[in-house]
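Engineer: The structure is given below, and queries will be raised subsequently.
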Amino acid sequence: MSTQMNSILIANRGEIACRIIRSAKALGLRTIAVYSDADVDAPHVRAADEAVRLGPAPAAGSYLDSARVLAAARDSGAAMIHPGYGFLSENAPFATACEKAGLVFVGPLPEAITLMGDKAKAKRAMIKAGIACIPGYQGKAQSDDALIRAAKDIGYPIMIKAAAGGGGRGMRLVQEESALKAALGTARSEAENAFGEGALILERALVKARHIEVQILADGHGNTVHLGTRDCSVQRRHQKIIEEAPAPGLTPELSEAMGAVAVKAAQDIDYVGAGTIEFLLDPVGDFYFLEMNTRLQVEHPVTEMITGLDLVALQIRIAQGEALPFAQGDVKMSGHGIEARLYAEDPAQDFLPSSGKIALWRPLRGGGIRVDSGVRTGSEITPFYDPLMAKIITHGKTREDARQKLVRALKNTHVFGPATNKHFLIRALETPDFVQGHANTGFIETHFDRDALSPAPLTFSEAAMAAVLMFDRARTRAQEAAISMTPALHNWASATPISTPYAFAVGEETLNLFLTPKGPDVYEVRGPDETTAHIRVLDIRGHKAVLEIDGHQKRLAFHQAGARISVSIKGREFHAENLCALATSSQKTVDSGSVIAPMHGLLGKVLVKPGDTVCKGAPLAILEAMKMQHELCAGINGTIKAVHAKPGTQIAAHTVLIEIESSKT
């Protein structure tokens with residue numbers, strides 16, 4: 001390795017920055033992180049050899065500011081820049097600027113990024129190369145009328161996509177013509193905000209299709225190979241959440257055919273670097289080019305698990321001018337890999353992103369379980385960036401072995417703080433269609449309606465365990481404050497033992513419990529209708545506990561903050577707040593006519609003004625958070641009574657934005 005190529009700046013954050021730093025250090029490179037004010041103490045900053053501040057928390061003033069990134073590279077003496085994924089990874093002008101600054105951009109040439117980063121141009125190029133594409137419209141005319149006419153020729157359902165970018169931004173599924181115009185406006189606005197370009201393409205929406213992709217590597221010496229298939233069909237909001245390799249159920253002939261087409265597509269554009277060719281596979285076995293991602297994919301670890309290759313290290317070596325150290329025939333695949341993306345989001349609220357401090361982060365590792373994370377206990381999940389917290393990846397000799405390991409890993413990964421999709425991931429992995437390898441892009445809509453996504457209510461036994469844990473913690477704190485206290489006197493009383501009341505909210509009802517010590521570490525908990533639980537504390541260490549409830553041992557993890565306790569048992573997490581311990585709130589209760597911000601974010605648009613008449617379900621405002629636009633809609637019929645916030649302002653979660661006066665009609 002040249003002495004001039006011994007340092008690399010990672011122009012990213014979170015888990016992918018940590019991932020790149022690991023491989024770069026293994027190659028002997030000096031690693032340089034960059035950070036915004038929101039990430040001053042983030043794990044990727046600590047992991048690097050040095051770090052440079054970029055700017056304020058919003059990405060536009062930090063991670064997306066190419067001038068600041070280039071200045072950080074210059075000031076730190078970096079020779080290379082690895083952009084990871086997202087942010088500047090598919091930004092051709094940035095790749096060009098790196099070259100002009102004498103920096104090695106770890107990625108393809110700007111020409112390839114420009115071509116494949118524009119879905120319209122990419123489709124036209126693939127059609128010219130003789131590669132089958134989904135029927136659609138990728139023309140230059142972008143007026144609503146032109147797109148509406150094109151949609152009639154294509155036929156419904158239609159998928160709208162931003163011509164630039166990806167990750168589900170600027171993407172909308174439209175079932176019928178009457179909904180097309182409004183969807184075009186929303187998709188165009190989201191695309192402009194996310195990518196600075198509002199051009200759209202249309203594609204026929206394939207029903208019950210599978211999302212299959214092929215990882216390719218190409219060096220600057222004319223060598224291009226593929227590393228097999230991945231199945232990424234399980235998606236929410238058009239963003240992947242579970243991926244696996246190899247794609248299940250494909251014949252060897254079909255897998256090889258997809259690999260050959262992927263290699264042809266890369267060779268046709270003289271591609272150099274790591275990239276992914278994405279296809280849609282219909283139920284009869286025909287596959288169509290979808291797009292090419294000219295960067296490392298979030299799901300690259302599943303390919304690493306079955307090939308034993310380090311894709312980040314190979315990316316760096318290719319960027320340094322080295323030839324691939326193997327040919328297609330040398331690629332050997334072993335076993336099966338599955339990845340689950342752990343997001344800070346609430347499945348019960350249509351997967352809306354959540355934010356806040358992580359009170360506890362304890363993932364399970366080892367034994368075929370890999371965790372790529374960018375968080376730790378105390379990390380803050382902010383509204384400024386993608387809500388991906390970690391990726392949990394497993395490898396097994398068979399697909400079922402890998403699946404069972406992933407379920408076990410998730411059930412034993414403890415994360416308290418913002419709402420997460422952990423329990424949803426477990427349920428998805430245990431759904432019969434997924435177990436059998438039959439998932440398609442409609443998997444979530446087919447198997448999880450709104451009721452299925454709602455968390456199960458707190459049960460009596462769960463509330464009883466929560467009460468015992470709270471009581472034990474309070475007793476421990478009192479003991480630590482005492483001058484002396486013999487353990488033999490735990491829960492001893494000279495008279496009749498005193499019962500401690502607890503009250504937990506269960507939906508709109510309150511569950512009242514009474515806890516009575518019955519001896520050292522033994523409790524009786526009484527509930528409504530004389531329901532009784534007998535609980536013995538067998539062990540409590542840190543955030544873990546073993547309780548025996550009515551003769552059955554329960555191993556759990558928990559975290560308490562004031563009157564609120566969070567508990568995880570076998571992957572199910574529940575939260576209980578002791579209403580008896582809460583001080584009376586002075587905050588006014590808002591009625592159902594109030595529109596409340598579900599998360600922190602930027603108020604992009606307000607679509608109504610006082611005096612306007614609205615119907616239930618009508619869009620009232622657009623809240624921008626975590627790179628997505630979220631419509632806030634009316635919950636009742638009525639008249640706009642007040643608007644409390646202006647467009648362009650940052651809004652805190654749970655802020656009342658708009659008030660509606662109910663109408664009787």
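Engineer: Quick one: length gained pulling CYS580 to ALA313 fully straight, 0.36 nm per residue minus the C-alpha distance?
Structural biologist: Contour length minus Cα-Cα distance gives 90.5 nm.
Engineer: Based on Cβ point charges of +1 for Lys and Arg and -1 for Asp and Glu, what charge dipole magnitude is obtained for the chain about its Cα centre, in debye rounded to the nearest 20?
Structural biologist: 800 debye
Engineer: Seen from all sides and averaged, what is the projected area of the convex hull of the Cα atoms in the range 594-662, in nm²?
Structural biologist: Over every viewing direction, the Cα hull of the range 594-662 projects on average to 3.7 nm².
Engineer: Just how large is the dipole of the range 3-106 about the Cα centre, in debye to the nearest 20, putting +1 at every Lys and Arg Cβ and -1 at every Asp and Glu Cβ?
Structural biologist: Rounded to the nearest 20 debye, it is 220 debye.
Engineer: Can you list the residues, at least 5 places off or on another chain, whose amide H is less than 5 Å from the amide H of GLU291, using H built in the peptide plane?
Structural biologist: Amide H neighbours of GLU291: GLU278.
Engineer: Further question on the same structure: Using a 7 Å offset from the Cα along the Cα-to-Cβ direction at both THR655 and ASP451, what is the distance between the two label points in nm, to one decimal?
Structural biologist: For THR655 paired with ASP451, the spin-label model returns 3.7 nm.
Engineer: Search the structure for amide H atoms under 5 Å from the amide H of VAL104, placed 1.01 Å from N in the peptide plane, and list their residues when 5 or more places away or on another chain.
Structural biologist: MET80, ILE81
Engineer: Hey, another quick one. Let me spell out the model: positive unit charges on the Cβ of Lys and Arg, negative unit charges on the Cβ of Asp and Glu, origin at the Cα centre of the range 135-204. What dipole size does that give, in debye rounded to 20?
Structural biologist: 100 debye
Engineer: Could you list the residues of the range 138-165 with an amide nitrogen less than 16 Å from a label point located 7 Å from the Cα of LYS128 in the Cα-to-C-beta direction?
Structural biologist: Counting only backbone N, you get 138-140.
Engineer: For GLU278, GLU462, GLU192, what ranking results if the residue with the fewest other Cβ atoms within 10 Å of its Cβ goes first?
Structural biologist: Fewest to most other Cβ atoms nearby, the residues stand as GLU192, GLU278, GLU462.
Engineer: Work from the charge dipole of the range 51-202 (Cβ charges, +1 for Lys and Arg, -1 for Asp and Glu, about the Cα centre) and give the residue of ILE154, GLN142, ALA97 farthest towards its positive end.
Structural biologist: Sorting the options by dipole projection puts first ILE154.
Engineer: Let me ask something else about it. Normalised by the residues of the chain, what does the relative contact order come to in percent, with Cα pairs under 8 Å and at least six apart?
Structural biologist: In percent, rounded to a whole number, it is 9.
Engineer: Here's a follow-up. Tell me, what is the Rg over Rh of the range 135-204, with Rh the Kirkwood radius over Cα pairs?
Structural biologist: Result: Rg/Rh = 0.92.
Engineer: Another question, then. Which value at 222 nm does the chain reach when only helices count, each DSSP H run of 4 or more adding -39,500 (n - 2.57), with the total divided by all residues and rounded to the nearest 500 deg cm²/dmol?
Structural biologist: Taking each H run of at least 4 residues, the total per residue is -7500 deg cm²/dmol.
Engineer: Here is a further query. Roughly how far apart, in whole Å, are the Cα centres of the range 119-174 and the range 548-578?
Structural biologist: Comparing the Cα centres of the range 119-174 and the range 548-578, I get a distance of 49 Å.
Engineer: Taking the alpha-carbon centroid of each part, what is the distance from the range 185-234 to the range 269-343 in angstrom?
Structural biologist: 13 Å
Engineer: Another question, then. List the extent of the Cα atoms of the range 4-106 along each of their three principal axes, largest first, rounded to whole Å.
Structural biologist: Largest first, the range 4-106 extends 32, 30, 23 Å along its Cα principal axes.
Engineer: Now for a separate question. Would you calculate the convex hull of the Cα atoms in the range 460-581 and tell me its volume per residue in Å³?
Structural biologist: Taking the convex hull of the Cα positions in the range 460-581, it is 114 Å³ per residue.
Engineer: Rounded, prolate or oblate, given the Cα gyration tensor of the range 135-292, with a/c below 1.5 counting as rounded?
Structural biologist: prolate
Engineer: In Å, what is the Rg of the alpha-carbon atoms in the range 201-326, and how long is Dmax?
Structural biologist: Just the Cα atoms of the range 201-326 yield Rg and Dmax of 14.4, 43 Å.
Engineer: Taking the alpha carbon gyration tensor of the range 281-345, what are the square roots of 5 times its eigenvalues, largest first, to the nearest whole Å?
Structural biologist: 24, 18, 15
Engineer: Here's a follow-up. Taking only the alpha carbons of the range 381-455, what extent do you get along each of the three principal axes, in Å, biggest first?
Structural biologist: Cα spread of the range 381-455 along its principal axes, largest to smallest: 37, 28, 21 Å.
Engineer: Tell me which lysines have Cα within less than 20 Å of LYS121's Cα, excluding those fewer than 8 residues away on the same chain?
Structural biologist: Straight-line reach from LYS121, under 20 Å: LYS140, LYS161, LYS264.
Engineer: Which value results when the Cα radius of gyration for the chain is divided by 2.2 N^0.38 Å?
Structural biologist: Rg over 2.2 N^0.38 Å, computed on Cα atoms: 1.04.
Engineer: Now for a separate question. In Å and whole numbers, how far do the C-alpha atoms of the range 288-432 stretch along each principal axis, longest first?
Structural biologist: Reported extents, whole Å, longest axis first: 46, 35, 35.
Engineer: For the range 351-359, what does the Karplus curve 6.51 cos²θ - 1.76 cosθ + 1.60, with θ = phi - 60°, yield as ³J(HN,Hα) per residue in whole Hz, taken in order and with x for Gly and Pro?
Structural biologist: For the range 351-359, the Karplus-derived couplings read 6, 5, x, 10, 9, x, 8, 7, 6 Hz, x marking Gly and Pro.
Every number here is computed from the coordinates shown, using simple stated rules; none is lab data. For clarity, every value in this text was computed on a predicted model and none was experimentally measured. Every residue, glycine among them, receives a Cβ derived from its backbone with ideal geometry; neighbour counts consider all protein chains shown.
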